[in-house]
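The values are calculated or read from the model by the stated rules, or taken from the named source; none is laboratory data. On a predicted model such as this, the values are computed, not experimentally measured, just so you know. Reconstructed Cβ throughout: ideal geometry from the backbone, glycine too, with neighbour counts over all protein chains shown. The area values use the complete protein model at the heavy-atom level, side chains included, leaving out ligands, DNA and RNA. Shrake-Rupley method; radii C 1.70, N 1.55, O 1.52, S 1.80 Å.
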Amino acid sequence: MSDRQESLPPGKSEGQPSVGLQSGGQFSTGVTSGGHAPVGRAQVSLAQVGQGQVGEGQAGQGQAGQGQAGQGQAGQAQVGQGTVGASGVVAAEPGTPGKGLADYSGGGTPAAKPASLFGKRTYIGLSVVVLIVLVGAVFVVRPGPVEGWLASEPVEVPAVVPTPDPTPTPVLVAAGVGGSAPSAGGVKAAIEPLTKAAALGGRVNVSVVDAATGDSLYEKNADLMTTPASTTKLLTAATVLAARGPAYQLVTRAVAGVAPGEVVLVGGGDPTLAVGADGQFPGAARLDKLAGQVKKALGGQAPTKVTIDTSLYSGPETAVGWDGDVIGGGQVARIQALMTDAGRVKPVHNEVGGDPRFADPAMAAGKAFAKQLGVPASAVKRGRAGAAAGELGKVESPPLVHVVDWMLQQSDNVLAEAMARQVALAGGQKASFEGAAAAMLAELDELGLTSDEANLYDASGLSRHNGISPKLLTDVLELAAGGTNPQVSSLFGGLPVAGWSGTLRTRFATPAPNQIGRGVVRAKTGSLTGVNTISGELMTRDGRLLVFAIMADATGESGAARQALDRIAATLVGCGCQ
């Protein structure tokens, strides 16, 4: 951007009043000899501090210097008497130079102070008069922007043409054929002895695949369905991203009830919904904002009753194969279409141990909403919204890809079950455990994967009845890494990083050889009593991307089993395996 400046042809006068620049770029006002100033302009330009340029203020005809040129030292100069001519231009009579070094550029000796022709009061009064006359002259001739302000014709503002958005570039690209590929024999020699570690027990099933070529590098019972624990969430992530898309949002609505003042809170299956600003999930939809919309929509009608509608989901609220203590232990909540903070009593996630959950998450959310509306908890009941109920407000969840990220990072079981129900709804199935399982398997088929290598009773992996083969897990990861399905590729953003984030934050620490995997392995873990699994991606020391699944469902002590799993992945990182 550049400044646009204009000027009229200059006039000449000796001792002419002006405001302008002296030598050295210093700002001054006063009397100098032989000044030239444009007629009728009053311009001010932006100063450049580094060069000492303060501005350019040109008015009238002539210059009156006040201050030291090049030094910035202010002086007092006497201004001559001026009159306004017919053209509106100030005609000034010569004045006497005053105290100040108007012509002093930093060298030599300043001139001696001359005697003043007028007293200070006369000087100040004349200065004010000259200033007023100058301003008047500016408006008489309508210079510069003032002329536009006073013009009879309106000034047309050019239309603003919006700048088109740039063409987006891929965030995740397909795995390239970079680095030296390990050989199947090299990988087998490196990791097969590790799969026999006592801590892993007698049932260890493994699949290791070159992500760039799809070649299998190592298989050990790779087609055998194994209890997956939370690695089930890899299938949940892939199917919901494919079925709904990363940008999909879950909507919680409030509609008018039958009775005056009745508000129906309709659960839309958003488990990240928060009561207020301090929710568990960043950017979550909020009940306090929804309550504000409702109050505005009702106008003068005071809310009197809150009805909660959870009819979006059907069937049992717990899955077949869940251990009896998973809800009491805070690992999961009853799966309902309405809840806040994934059913947590407090919006806090504990990395060790469970997070206490409400016994009835939907009712707890309804009471929290009622409080925002000023309705007593006793006036919260269950019911259903009418088919033609008028909408009073709605709030939307963050994009689905963020919900999937949180599900994978924190291994949140409630989020997983909610995501699976979205797969069911997208596929025309009932939003239940059974419907979600059927829809996930159907979506795997749509993606060209082998759904008969999965047997699902839930989407979180808490069910001990689940079975998934290591090969199906690496097939999902290979699809995501291939770049042919951008929706599925976005699941990589949520995978925990070894030694850095999520459920892998404290992993790959001991023994020392495991530390090579820190920051290089990204994977989903799974843990149940007697079950330890890990599946994800890693980069070898030669720069080759591999995807892997290591599953053991007859393990002993959990800590030792996890270290043994990490040892296998770390060995793949450090092994050239040629």
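Just one of the listed residues (Leu538, Leu473, Leu491, Leu546) is at pLDDT 95 or above, among the hydrophobic types (A, V, I, L, M, F, W, C), touching an Asp or Glu at 6+ places or on another chain (Cβ under 7 Å) and not in a loop (DSSP other than H, G, I, E, B), namely Leu546.
For Pro356, the criteria (1) more than 30 Å from Ser230 (Cα to Cα); (2) open to solvent by 60 Å² or more (accessible area, probe 1.4 Å) hold in every case but one, which is (1). For Glu262, the requirement of being charged (D, E, K, R) and open to solvent by 50 Å² or more (accessible area, probe 1.4 Å) is not met.
Restricting attention to segment 456-492, the residues being out of contact with any helix residue (DSSP H, G or I) (no Cβ under 9 Å at 6 or more places or on another chain) and aromatic (Phe, Trp, Tyr) number 0.
Restricting attention to segment 312-340, the residues that are touching an Asp or Glu at 6+ places or on another chain (Cβ under 6 Å) and either free of Cβ contacts under 8 Å to residues at least 40 places away in the same chain or surrounded by fewer than 24 Cβ atoms within 10 Å (Cβ to Cβ) (or both) add up to 2. Summed over segment 206-260, residues that are acidic (Asp, Glu) and either closer than 26 Å to Glu434 by Cα or in contact with a Cys (Cβ under 9 Å, 6 or more places away or on another chain) (or both) total 1. Just one of the numbered conditions (1) open to solvent by 30 Å² or more (accessible area, probe 1.4 Å); (2) farther than 16 Å from Arg567 by Cα is not true of Arg505: (2).
Taken over segment 387-436, the residue count meeting the criterion of being open to solvent by 10 Å² or more (accessible area, probe 1.4 Å), in contact with a helix residue (DSSP H, G or I) (Cβ under 6 Å, 6 or more places away or on another chain) and among the polar types (S, T, N, Q) is 3.
Against the conditions (1) touching a Lys or Arg at 6+ places or on another chain (Cβ under 9 Å); (2) open to solvent by less than 40 Å² (accessible area, probe 1.4 Å), Asp270 satisfies every one except (1).
Pairs are defined by a Cβ separation below 6 Å, a sequence spacing of at least 6 or placement on different chains, a first member in segment 191-219 that is without any contact (Cβ under 8 Å) to a residue 60 or more places away in the chain, and a second member that is in a helix (DSSP H, G or I) and surrounded by fewer than 22 Cβ atoms within 10 Å (Cβ to Cβ); the pairs so defined are Tyr218/Lys188.
On inspection, Gly299 fails the criterion of being farther than 30 Å from Thr474 by Cβ, under 22 Å from the mean Cα position of the chain (by Cα), open to solvent by 10 Å² or more (accessible area, probe 1.4 Å) and without any contact (Cβ under 8 Å) to a residue 24 or more places away in the chain.
One line per residue, one yes/no per condition, for (1) under 20 Å from Ala379 (Cα atoms); (2) at pLDDT 95 or above; (3) not in a helix (DSSP H, G or I):
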residue	(1), (2), (3)
Pro246	no, yes, yes
Arg253	yes, yes, yes
Val264	yes, yes, yes
Pro271	no, yes, yes
Ala277	no, yes, yes
Gly283	no, yes, yes
Leu290	yes, yes, no
Lys296	no, yes, no
Gln301	yes, no, yes
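Okay, residues lined up against (1) at positive phi; (2) modelled with pLDDT of 95 or more; (3) part of a loop (DSSP other than H, G, I, E, B):
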{"residue": "Tyr313", "(1), (2), (3)": "no, yes, yes"}
{"residue": "Lys346", "(1), (2), (3)": "no, yes, yes"}
{"residue": "His349", "(1), (2), (3)": "no, no, yes"}
{"residue": "Ala359", "(1), (2), (3)": "no, yes, yes"}
{"residue": "Lys367", "(1), (2), (3)": "no, yes, no"}
{"residue": "Ser378", "(1), (2), (3)": "no, yes, no"}
{"residue": "Ala385", "(1), (2), (3)": "no, yes, yes"}
{"residue": "Ala389", "(1), (2), (3)": "no, no, yes"}
{"residue": "Trp406", "(1), (2), (3)": "no, yes, no"}
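All conditions but one from (1) in contact with a Pro (Cβ under 9 Å, 6 or more places away or on another chain); (2) under 23 Å from Ala431 (Cα atoms) apply to Ser311; the one that does not is (1).
Against the list (1) out of contact with any helix residue (DSSP H, G or I) (no Cβ under 6 Å at 6 or more places or on another chain); (2) assigned to a loop (DSSP other than H, G, I, E, B), the condition Arg562 fails is (2). For Asp278, all conditions in the list (1) more than 25 Å from the chain's Cα centre (by Cα); (2) more than 21 Å from Ala385 (Cβ to Cβ); (3) touching a residue at least 40 places away in the same chain (Cβ under 8 Å) hold save one; what is the number of the exception? If we test Asp278 against (1) more than 25 Å from the chain's Cα centre (by Cα); (2) more than 21 Å from Ala385 (Cβ to Cβ); (3) touching a residue at least 40 places away in the same chain (Cβ under 8 Å), just (1) comes out false. On the given criteria, is Thr529 open to solvent by 50 Å² or more (accessible area, probe 1.4 Å) and hydroxyl-bearing (Ser, Thr, Tyr)? Here the answer is yes, as Thr529 does meet what is asked.
The rows are residues; the columns are (1) touching a residue at least 40 places away in the same chain (Cβ under 8 Å); (2) closer than 28 Å to Val326 by Cβ; (3) surrounded by fewer than 24 Cβ atoms within 10 Å (Cβ to Cβ).
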| position | (1), (2), (3) |
| --- | --- |
| Ala438 | no, yes, yes |
| Ser451 | no, yes, yes |
| Asp458 | yes, yes, no |
| Gly467 | yes, yes, yes |
| Pro470 | yes, yes, no |
| Gly483 | yes, no, yes |
| Ala509 | no, yes, yes |
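Restricting attention to segment 426-436, report how many residues are under 22 Å from Ala333 (Cα atoms), in a helix (DSSP H, G or I) and in contact (Cβ under 8 Å) with a residue 60 or more places away in the chain. Looking only at that region, the number is 3. Every condition in (1) open to solvent by 20 Å² or more (accessible area, probe 1.4 Å); (2) more than 30 Å from Gly321 (Cα to Cα); (3) in contact with a helix residue (DSSP H, G or I) (Cβ under 8 Å, 6 or more places away or on another chain) is met by Gly374 except one, and the failing one is (3). Given the criteria touching a Ser or Thr at 6+ places or on another chain (Cβ under 8 Å), at positive phi and crowded, with 21+ Cβ neighbours inside 10 Å, does Ala229 qualify? The answer is yes for Ala229. Just so you know, in segment 175-208 the residues that are of a type in the set (A, V, I, L, M, F, W, C) and open to solvent by less than 10 Å² (accessible area, probe 1.4 Å) include one that is farthest from Leu479 (Cα to Cα), and it is Leu200.
When segment 440-469 is filtered for residues that are in a loop (DSSP other than H, G, I, E, B) and polar (S, T, N, Q), the ones remaining, listed by number, are Thr450, Ser460, Ser463, Asn466, Ser469. The set of residues in segment 341-376 that are without any contact (Cβ under 8 Å) to a residue 60 or more places away in the chain, among the hydrophobic types (A, V, I, L, M, F, W, C) and under 29 Å from Lys305 (Cβ atoms) comprises Val345, Phe358, Ala359, Met363, Ala364.
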